[in-house]
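**Q** Sending over a structure as C-alpha cells; questions will come in a sec.
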Amino acid sequence: MIIRQARSDDAAAMLDIYRPIVEKTATSFELAVPTIEDFATRIETIVATHEWLVADVDSVLAGYAYASPHRAREAYRYSVEVSVYVHPHYRSQGLGKALYSALFDSIRKLGFHCAYAGIALPNDPSIALHRACGFVEIGTFGEVGYKNDAWHDVSWWQRKI
C-alpha cells in the first residue's frame with residue numbers, strides 16, 4: 001500500500017468510491033453525486049491549505065481521507081474536519097486506520113490542533129474506526145439531516161492531533 005497526496009486526476013477513481021455512498025446511503029448528506037470536475041476542484045482547494053491523501057493498493061485507488069476547515073471564523077483556524085472513505089473491497093483491512101494515521105501526521109506538521117468528525121447514524125463501522133483512531137464522542141445533533149425520506153442524527157467526535 002502506498003499513501004500519497006491526492007491529485008485532481010484522482011477524482012474519477014475517488015468518485016467510484018463516493019458515488020454509491022451518495023446514491024444509496026445517508027452516510028454522506030450530499031443529495032447529488034458531484035461531477036468529476038467538481039470533485040477535482042475540491043481536491044485542489046483542500047490541498048492548497050490542508051491535506052487530502054489517497055491509498056493505492058496494487059495500483060488501485062482503494063481509499064482516501066482528507067482534512068478541511070472546520071468552520072469559517074478565524075479562531076477555528078487550528079481545527080479541521082476529517083473524513084475517510086474506503087472502497088468496499090478494501091474495508092476491514094486497516095486501510096481507514098492507515099489513512100487517518102498518515103493524515104494526522106501530515107496535518108500535525110501543518111500546525112493543526114484538533115480534528116472533528118461527523119458520523120451520520122446509524123454507522124457502527126465508522127464509530128468503531130473513529131474510536132480505534134483515538135476519537136472521543138462529544139455529542140449528537142438530533143435529526144439534523146434529511147435524506148432518503150428520513151431524518152438522521154449526526155454524532156460528533158473529536159481527536160487532538
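**Q** Looking at the range 9-19, which of its residues are closer than 23 Å to Asp105 by Cβ and either among the β-branched types (Val, Ile, Thr) or touching a helix residue (DSSP H, G or I) at 6+ places or on another chain (Cβ under 6 Å) (or both)?
**A** Scanning the range 9-19 gives a single hit, Ile17.
**Q** Right, something else. Can you name the strands (runs of 3 or more DSSP E) wholly within the range 25-88 that have at least 1 residues being charged (D, E, K, R) and touching a residue at least 24 places away in the same chain (Cβ under 8 Å)?
**A** Numbers: elements: 51-57, 60-69, 79-86.
Passing ranges, in order: 51-57, 79-86.
**Q** Condition first: in contact (Cβ under 8 Å) with a residue 40 or more places away in the chain and either of a type in the set (D, E, K, R) or out of contact with any helix residue (DSSP H, G or I) (no Cβ under 8 Å at 6 or more places or on another chain) (or both). Now tell me which residues in the range 124-153 satisfy that. Step through it out loud before you land on a result.
**A** So in the range 124-153, the residues in contact (Cβ under 8 Å) with a residue 40 or more places away in the chain come out as 126, 129, 145, 147-148, 150, 152.
Those that are in contact (Cβ under 8 Å) with a residue 40 or more places away in the chain and either of a type in the set (D, E, K, R) or out of contact with any helix residue (DSSP H, G or I) (no Cβ under 8 Å at 6 or more places or on another chain) (or both): Ser126, Gly145, Lys147, Asn148, Ala150, His152.
**Q** Can I ask one more? Counting only residues that are under 21 Å from Pro69 (Cα atoms) and either in a strand (DSSP E or B) or hydrophobic (A, V, I, L, M, F, W, C) (or both), how many does the range 108-161 have?
**A** Let us first name the residues in the range 108-161 that are under 21 Å from Pro69 (Cα atoms), namely 108-120, 126, 130, 133-141, 144-145, 154-161.
Then keep just the ones that are either in a strand (DSSP E or B) or hydrophobic (A, V, I, L, M, F, W, C) (or both); that gives 110, 112, 114-120, 133, 135-141, 144-145, 154-161.
Count: 27.
**Q** Scan the range 49-69 for residues that are surrounded by fewer than 14 Cβ atoms within 10 Å (Cβ to Cβ) and more than 17 Å from the chain's Cα centre (by Cα) and jot them down.
**A** Asp58, Ser59, Val60
**Q** Determine, yes or no, whether Arg159 is of a type in the set (D, E, K, R) and within 19 Å of Ile17 (Cβ to Cβ). Can you show your working first?
**A** Values: of a type in the set (D, E, K, R): yes; within 19 Å of Ile17 (Cβ to Cβ): no.
Considered against the rule, which asks whether it is of a type in the set (D, E, K, R) and within 19 Å of Ile17 (Cβ to Cβ), Arg159 comes out as no.
**Q** Please pick out the residue among Gly111, Gly139 that is at pLDDT 95 or above, in contact with a Ser or Thr (Cβ under 8 Å, 6 or more places away or on another chain) and not hydrophobic (A, V, I, L, M, F, W, C).
**A** Details: Gly111 fails: in contact with a Ser or Thr (Cβ under 8 Å, 6 or more places away or on another chain).
From the options Gly111, Gly139, the qualifying one is Gly139.
**Q** Kindly provide the set of residues from the range 70-89 that are touching a helix residue (DSSP H, G or I) at 6+ places or on another chain (Cβ under 9 Å) and surrounded by 15 or more Cβ atoms within 10 Å (Cβ to Cβ), ordered by number. Show your work before the answer.
**A** Quick first cut of the range 70-89, residues touching a helix residue (DSSP H, G or I) at 6+ places or on another chain (Cβ under 9 Å) only: 70, 80, 82, 84-88.
His70, Val80, Val82, Val84, Tyr85, Val86, His87 - these are the residues of the range 70-89 that are touching a helix residue (DSSP H, G or I) at 6+ places or on another chain (Cβ under 9 Å) and surrounded by 15 or more Cβ atoms within 10 Å (Cβ to Cβ).
**Q** Here is a list: Ile36, Ile17. Which entry is closer than 30 Å to Asn148 by Cβ, at pLDDT 95 or above and within 15 Å of the chain's Cα centre (by Cα)? Show your work before the answer.
**A** Numbers: Ile36 fails: within 15 Å of the chain's Cα centre (by Cα).
Selected residue: Ile17, the only one of Ile36, Ile17 that is closer than 30 Å to Asn148 by Cβ, at pLDDT 95 or above and within 15 Å of the chain's Cα centre (by Cα).
The values are calculated or read from the model by the stated rules, or taken from the named source; none is laboratory data. It should be emphasised that the depicted structure is a prediction, and the values quoted were computed from it without experimental measurement. Ideal geometry is used to build each Cβ from the backbone, glycine not excepted, and the neighbour counts take in all protein chains shown.
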